[in-house]
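Below you'll find the structure, written out as structure tokens, and then a few comments.
The values are calculated or read from the model by the stated rules, or taken from the named source; none is laboratory data. Please read all numbers here as calculations on a predicted model, not as lab measurements. Note: ideal-geometry Cβ built from the backbone for every residue, glycine included; neighbour counts use all protein chains shown. For accessibility, only protein heavy atoms count, side chains too; no ligands or nucleic acids. Shrake-Rupley method; radii C 1.70, N 1.55, O 1.52, S 1.80 Å.
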Amino acid sequence: MLLRFDEVSLAFGARPLLDHVSLSIDVRERVCVVGRNGEGKSSLLRLARGETHADEGVVWRRNGLRLGWLPQDIAEHGERTVGELIADGLAAGVADGADGESWRGTQRVAEIASRLRLDPAARY
């Protein structure tokens, strides 16, 4: 198991976003988070990354688990390339590490851009 939520609740003010949610994500399992704007998708992912804490319940992450993240609002990044934005979304150290990590990071960015049919050199 990579990630588990046990009876997790999260609210902002009187509005609950997550109400006693339980879920688990296993190795090689793929998950899609879908919902309307403002329904808690980003909050759920922030909980998974450990960037925020649940009001109730337990969030468990496997030791060493790395979650990549591409910000929802990228306008604040200014004039950057698609490849730079993808690299930002990869786990820390992948794109700029030493001993060949930079090459592997570049390859990973190219792979992701290709799968999404994006031009990594295009400016946002």
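The trypsin sites (Lys or Arg not before Pro) found in the range 1-40 that occupy coil by DSSP, while having at most 12 further C-beta atoms within 10 Å, are R28, R30, R36. Per-residue SASA remark: L17, around 30 Å² accessible (1.4 Å probe; ligands, DNA and RNA not included).
I'd like the FRET efficiency for E39 and L67, computed as 1/(1 + (r/R0)^6) with the beta carbon distance as r and R0 of 25 Å, rounded to 0.05. That pair, E39 with L67, gives E of 0.80.
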